[in-house]
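Each remark here refers to the structure printed beneath this line.
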Amino acid sequence: MKNIDAAAHTRGESIYLDDIPLLQGTLFGAVFGSPVAHGVIRSLDLTEAERMPGVVRIFTYKDVRGENQIGGIVPDEPLFAERHVHFCGMPVALVVAESEAAARAAVKKIRVEIEPLEVITDPRIAQARGELIVAPRTFRLGDTDSAWKSCAFIFEGRADTNGQEHLYIETQGAYAIPLENDTIRIYSSTQAPTAVQRAISKVSGLPMHCLDVEVTRLGGGFGGKEDQANIWAALCALACVHLKKPVKYALPRTDDMVMTGKRHPYSSDFRIGLDEDYKILAYEVTLYQNAGAAADLSPAVLERSLFHCTNSYFIPNVRATAYSCRTHLPPNTAFRGFGGPQGMFVIEAAIVKAAEALGVDAALIQKKNLHRTGDEFPYGQLAESEAPACWQKAEELYELEALRAEVAVFNAGHALFKKGIAVMPVCFGISFTKTLMNQARALVHVYSDGSVSVSTGAVEMGQGVNTKILQVAAAAFAIAPARIKIQATSTFRIANTSPTAASATADLNGRAVLMACTEIVARLKRVVAEEWGVDAERVELREEAVWERVKGRSLEGEETGEGQRNLGRSLEGEETGEGPRNLGRSLSWKQLVLLAFTKRVNLSEHAHYATPGIHFDASREKGHPFAYHVYGTAITVVTLDCLRGRYEVDAVKVVHDGGASMNLIIDRGQIEGGIVQGIGWMTVEEVLYDEEGRLRSNALSTYKVPDIYSVPRRIDIDFLHTQRDNLAIFRSKAVGEPPLMYGIGAYFALRNAIRAFNPAAELAFSTPMTPERALMGLYSGGGPAGMTNEGEERAVKDGQGKRAGNEQLSPASGEGHE
Ligand code: MTE
Ligand code: MOS
């Protein structure tokens, strides 16, 4: 089934925050953010700003009626700075004016004097100073201390991954509207309506039942609106409460980039030990997470880095320690993968370090160490592993050996273009790691005309969750999708929602919908059974009608081999009498609903689902935190222009474990999008703060995001249709985040291409591998052997010749970049 938003998106009819028609009298906000990353506010002068035309009022922490606090996990994040500022862009004041332009103009007239304090941007320095957000955590399996003795080879190193800007197309924003009796409706571009509701409640002092947070859809969230939508909503609500006027604030792109946190950069140390046979016996890792100035979601992100620190591998002895380090950057936050990618990068780097030192292919070590069913993760859960199956299938289907041979032939034949290939297995746990968050509710109404309305806590942000939820309801009622409408997410309809995150939204909310629909179906069946005087067991919904199942026969064609012939004819509203002899009776869906309504049967249901069987004991760091895992393997091939450092991704070839996918089109879209976003993180996207903690990459001119040239020339996706039972909705495994980590392969493929050109290259395990860094790497370590002046000249000629002669190869097509 196609994404139900496809047509409206294409026509430009979908409603985002900025498309909501404005009420008369709406005012507009703009934030004055701290120009300094760390310091003490000595004075704040608003007088000139207040006199600017159109300015209604300027708010500061003094106007907060409740608590000046929006920290979700740890209460360490003031909404407005009071005496101290902790990062550049930290809200100091909110100007509310009659127009956006007036509000922004007034912001420029605010004067602040800040006495600067030392700025820390490096997590290792923060850790050394004891600047930790929460206590460090350590996951352990086996005993690394004694395992080192059994290792034939031990390697150590450091790995660094940089941040990533979410760059959702729709920026952050909110629109608060005063209703009667202290009630406020807030339209928010948030993944977490309940988190917004809680934050506003705290700041305004209004109870949650006064706050209706409504979300129709997001123009992307990618984790950036899981926690950080709260600020703008709280600001708008605060002004709305004071002024009793609608207040809107949709952030300009640069404000959004400067004021919001990003993917956490990590710096890590690793130590890996292997036996003679390249089995990994021991792995130790220390992760330094750059959390930024406040906790935000950092402790939870940190936890997932630990959960995924061994990726798809079974390692019998592991010790993994993680520090969440407080620096003076905007609080970093959730980003697709939620710490998992950062943890996985380090183990991949460790394996590559070993492989390079041992002179073997990394894939040899990777494959040998994939975990199998029954193997224990460092956190105690036992794997139901599809890792070897995905790897095996990818290797065979995409002819890995032949691909390798092609790369070798290409490299032998080209002096200035080199290809690199890398394999990236992925294993990602599905569930919120905080067990309590794994719950969801659904409210289903069947109206008397047979149309159906479904509300859940799920937020549609492009990932297609509404389509999947609609499929669930359509299947449960056996009716056409067109009869069903998925309503905007609202905290008045559905309470206490978990954020749309952790890839688990369709699983959690879909299951709740299924429960609600199943209950209504049971009621409908009882009505019919009574009407027909038959056993309710013999009543069945199918193809927009209710049927009486003929005795002894099942409606399930698969089971009896008889199928539709056992059904009575659908009367399509003509008559409702008995069907032909030996066949059952039937009623159309609309007749059925009307019949139930006239009999005063409840046609609405609210259901609650909580994932069974999951638990985690943080005091022992052991448990069974995930409902299941998603697996996959990606093969990435790149071509590097060794004269310029430019590159292209030739192909990403994936075998992805989708369980029994309920929507291959949507899943494919998620996989393709995840891969490109992952490649962006690993290659061109470079978040850059200077030593004063100011964001230098604060616009699309200085922050490069993947464009059409970064997209792999081909993405092949094959689904591993696993039969194993799982807790996914309809056994269709979650797909939102895992594919991002396939993108990690691009870094290692590029690294291999550089080494093909210059085996002596000195390459830190540090991302992103921008073209600039690739170029530095190509000529590092004394440069490629034999690269004399004479050689260079020859190479240049060779390069030109090749570019002309290889139209189909990316080096040639790379011309288009300029
Ligand atoms: N896909 C689109 N188009 N837009 C998004 O914002 N967010 C990703 C992923 N895919 C996102 C997306 C993230 S971070 C998560 S956690 C999941 O979608 C959340 O949705 P799900 O639980 O329905 O998979
Ligand atoms: Mo996704 S990072 O869990 O919003």
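On the basis of being among the β-branched types (Val, Ile, Thr), farther than 18 Å from residue 228 by Cα and modelled with pLDDT of 95 or more, does residue 459 make the cut?
Numbers: among the β-branched types (Val, Ile, Thr): yes; farther than 18 Å from residue 228 by Cα: no; modelled with pLDDT of 95 or more: yes.
In short, no.
Conditions tested, residue by residue: (1) buried (at least 20 other Cβ atoms within 10 Å of the Cβ); (2) at pLDDT 95 or above; (3) hydroxyl-bearing (Ser, Thr, Tyr); (4) on the phi > 0 side of the Ramachandran plot.
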site	(1), (2), (3), (4)
691	no, yes, no, no
696	no, yes, no, no
707	no, no, no, no
723	no, no, no, no
729	yes, yes, no, no
735	yes, yes, no, no
743	yes, yes, no, no
758	yes, yes, no, no
763	yes, yes, no, no
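Go through (1) away from ligand 2 (no atom under 16 Å from the Cβ); (2) open to solvent by less than 10 Å² (accessible area, probe 1.4 Å); (3) touching a residue at least 60 places away in the same chain (Cβ under 8 Å) for residue 252 and report which single condition fails. Of (1) away from ligand 2 (no atom under 16 Å from the Cβ); (2) open to solvent by less than 10 Å² (accessible area, probe 1.4 Å); (3) touching a residue at least 60 places away in the same chain (Cβ under 8 Å), only one is false for residue 252: (2).
Name the residue, out of 539, 546, that is free of Cβ contacts under 8 Å to residues at least 24 places away in the same chain, among the hydrophobic types (A, V, I, L, M, F, W, C) and either within 16 Å of ligand 1 (Cβ to nearest atom) or farther than 30 Å from residue 179 by Cβ (or both).
Values: 546 fails: free of Cβ contacts under 8 Å to residues at least 24 places away in the same chain.
Among 539, 546, only 539 is free of Cβ contacts under 8 Å to residues at least 24 places away in the same chain, among the hydrophobic types (A, V, I, L, M, F, W, C) and either within 16 Å of ligand 1 (Cβ to nearest atom) or farther than 30 Å from residue 179 by Cβ (or both).
Residue pairs whose Cβ atoms lie under 6 Å apart, separated by 6 or more positions or on different chains, with the first residue in the stretch 217-229 and among the acidic types (Asp, Glu) and the second near ligand 2 (Cβ under 6 Å from one of its atoms), are 226/191; 226/334; 226/501.
Taking the stretch 423-507 as the region of interest, the strands (runs of 3 or more DSSP E) fully inside it that hold 2 or more residues being more than 16 Å from ligand 2 (Cβ to nearest atom) and among the hydroxyl-bearing types (Ser, Thr, Tyr) are 452-456.
Is at least one residue of the stretch 147-157 open to solvent by 50 Å² or more (accessible area, probe 1.4 Å) and among the β-branched types (Val, Ile, Thr)? Looking for residues that are open to solvent by 50 Å² or more (accessible area, probe 1.4 Å) and among the β-branched types (Val, Ile, Thr), one finds at least one in the stretch 147-157, hence yes.
Among the conditions (1) surrounded by fewer than 24 Cβ atoms within 10 Å (Cβ to Cβ); (2) small (Gly, Ala, Ser); (3) away from ligand 1 (no atom under 16 Å from the Cβ), the only one that residue 239 does not satisfy is (1). Apart from one condition, residue 513 fits all of (1) open to solvent by 40 Å² or more (accessible area, probe 1.4 Å); (2) within 16 Å of ligand 1 (Cβ to nearest atom); the exception is (1). Give all pairs with beta carbons closer than 9 Å in which a residue from the stretch 420-439 that is under 17 Å from residue 311 (Cα atoms) meets a residue that is at pLDDT below 95; count only pairs at least 6 apart in sequence or on separate chains. The qualifying pairs are 430/726.
Residues in the stretch 124-142 that are open to solvent by 70 Å² or more (accessible area, probe 1.4 Å) and closer than 16 Å to residue 316 by Cβ: 140 alone.
So, residue 125, is that one under 30 Å from the mean Cα position of the chain (by Cα), assigned to a loop (DSSP other than H, G, I, E, B) and more than 27 Å from residue 23 (Cα to Cα) or not?
Values: under 30 Å from the mean Cα position of the chain (by Cα): yes; assigned to a loop (DSSP other than H, G, I, E, B): no; more than 27 Å from residue 23 (Cα to Cα): yes.
Spelling it out, it is not the case that residue 125 is under 30 Å from the mean Cα position of the chain (by Cα), assigned to a loop (DSSP other than H, G, I, E, B) and more than 27 Å from residue 23 (Cα to Cα).
Being within 20 Å of residue 259 (Cβ to Cβ) and away from ligand 1 (no atom under 11 Å from the Cβ) is the filter; apply it to the stretch 203-233 and report the residue that is farthest from the chain's Cα centre (by Cα). Once the filter is applied, the top-ranked residue is 203. Among the residues of the stretch 316-353, those identified as within 16 Å of ligand 1 (Cβ to nearest atom), over 11 Å from residue 306 (Cβ atoms) and part of a helix (DSSP H, G or I) are 341, 344. Scanning the stretch 649-683 for residues that are assigned to a helix (DSSP H, G or I) and either within 12 Å of ligand 1 (Cβ to nearest atom) or crowded, with 24+ Cβ neighbours inside 10 Å (or both) yields a total of 15.
The values are calculated or read from the model by the stated rules, or taken from the named source; none is laboratory data. Keep in mind the model is a prediction, meaning the values are calculated, not measured. Neighbour counts run over all protein chains shown; Cβ positions are idealised from the backbone, glycine included. Side chains are part of the model used for accessible areas, which takes the heavy atoms of the whole protein and leaves out ligands, DNA and RNA. Shrake-Rupley method; radii C 1.70, N 1.55, O 1.52, S 1.80 Å.
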